[in-house]
Amino acid sequence: MLSKSIQEALNAQVAMEATSSQAYLAMASWAEIQPGLDGVTEFFYQQSNEERMHMLKLIRYVNERGGFAMVPALPQPIITFTSLQKVFEEFLKHEVQVSESINQLVGMALDERDFATHNFLQWYVSEQIEEERLARTLNDKLELVGDDKSGIYLFDRDIMIHRNAIGGGK
Ligand code: FEO
């Protein structure tokens, strides 16, 4: 049985994953109406799906442990961006926040000696290492590219290959 505090913290994490999923969906939709960003569009549709999967995993876990997973209300995410760089900065910001939140949850599970939750969260710990790494790498690449159109073309063409190579798409 989950303690009240762990249940609340896991429900807050459900909201966070849902928020990320919506944010990435908005990025995908924005990218889709820009010329020549097919790769970025696909990337964020997939990221959005992944975040939904992260959310579902938490929901199922909370309910399985005798708690009640609450589906959250969500604010509208950022829906327009002034540049591709802004999109990816925002992506990294989300991932860093998620990692911090997961770390706090892990600490809390240990404090409360809830080893089942601690064990459950290890998957998220590994996932966040990969996601943050991916977000940082893509930001670094975009910084190199700057406003160069042919660079953006190549970035867009390679993003999915890159994602799969770095361990995304699980
Ligand atoms: Fe589920 Fe990318 O945080």
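The values are calculated or read from the model by the stated rules, or taken from the named source; none is laboratory data. In this text the structure is predicted, and so the values were computed from the model without any measurement. Positions of Cβ are generated from backbone atoms using ideal geometry, with glycine treated the same way; all protein chains shown enter the neighbour counts. Heads up: the accessible areas ignore ligands, DNA and RNA and are worked out on the full protein's heavy atoms, side chains in. Shrake-Rupley method; radii C 1.70, N 1.55, O 1.52, S 1.80 Å.
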*Quick one: length gained pulling Lys93 to Ile161 fully straight, 0.36 nm per residue minus the C-alpha distance?*
22.2 nm
*Give me the accessible area of Glu64, 1.4 Å probe, in Å² rounded to the nearest 10.*
150 Å²
*For the range 63-148, just say rounded, prolate or oblate: build the C-alpha gyration tensor, square-root its eigenvalues into a ≥ b ≥ c, call rounded for a/c under 1.5, and beyond that prolate if a/b exceeds b/c, oblate if not.*
oblate
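For every helix of n ≥ 4 consecutive DSSP H residues, a contribution of -39,500 (n - 2.57) applies; sum these over the chain, divide by its total residues, and give [θ] at 222 nm rounded to the nearest 500 deg cm²/dmol.
Details: 5 runs with 132 residues, N = 170.
The helix contribution divided over the chain gives -27500 deg cm²/dmol.
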*With +1 on each Lys and Arg Cβ and -1 on each Asp and Glu Cβ, how big is the dipole of the range 1-80 about its Cα centre, in debye rounded to the nearest 20?*
420 debye
*Sorted by accessible area with a 1.4 angstrom probe, largest first, how do Val40, Val106, Val71 fall?*
Val71, Val106, Val40
*asked:* Before I look further, what does the range 45-170 give for accessible area per residue, probe 1.4 Å, in whole square angstrom?
replied: 58 Å²
*Using θ = phi - 60° and the Karplus form 6.51 cos²θ - 1.76 cosθ + 1.60, what ³J(HN,Hα) does each residue of the range 9-22 get, whole Hz, x for Gly and Pro?*
5, 5, 5, 5, 5, 4, 5, 5, 5, 5, 5, 5, 4, 5
*Given springs between every Cα pair under 10 Å in a Gaussian network model of the chain, which of Val125, Val98, Val87 has the largest fluctuation?*
Val125
*Largest first and in whole Å, give the semi-axes of the range 113-157's equivalent ellipsoid, each being the square root of 5 times a Cα gyration tensor eigenvalue.*
37, 8, 5
*How many percent of all Cα-Cα pairs in the range 1-57 sit more than 13 Å apart?*
61 percent
*Hey, if we sort Arg163, Arg136, Arg65 by accessible area with the 1.4 Å probe, largest down, what's the order?*
Arg136, Arg65, Arg163
*Working with all protein chains in place, sort Phe120, Phe115 by solvent-accessible area computed with a 1.4 Å probe, largest first.*
Phe115, Phe120
_Angle check, please: helix 149-165 long axis (alpha carbons) against the longest principal axis of the chain (alpha carbons), in degrees 0 to 90, nearest 10._
30 degrees
*In units of 2.2 N^0.38 Å, what is the alpha-carbon radius of gyration of the chain?*
1.10
*Angle in degrees between helix 84-111 and the longest Cα principal axis of the chain, rounded to the nearest 10*: 20 degrees
*Among Leu25, Leu74, Leu138, residue whose mean-square fluctuation peaks in a GNM of the chain (springs only between Cα atoms under 10 Å)*: Leu74
_Once you place label points 7 Å from the Cα toward the Cβ at Ala73 and Glu130, how far apart are they in nm?_
3.5 nm
*Hey, what angle do you get for helix 38-64 against the long axis of the chain, alpha-carbon based, 0 to 90 degrees rounded to 10?*
0 degrees
_If you roll a 1.4 angstrom probe over the protein chains with everything in place, what fraction of the accessible area of the range 22-170 belongs to carbon and sulfur, to the nearest %?_
55 percent
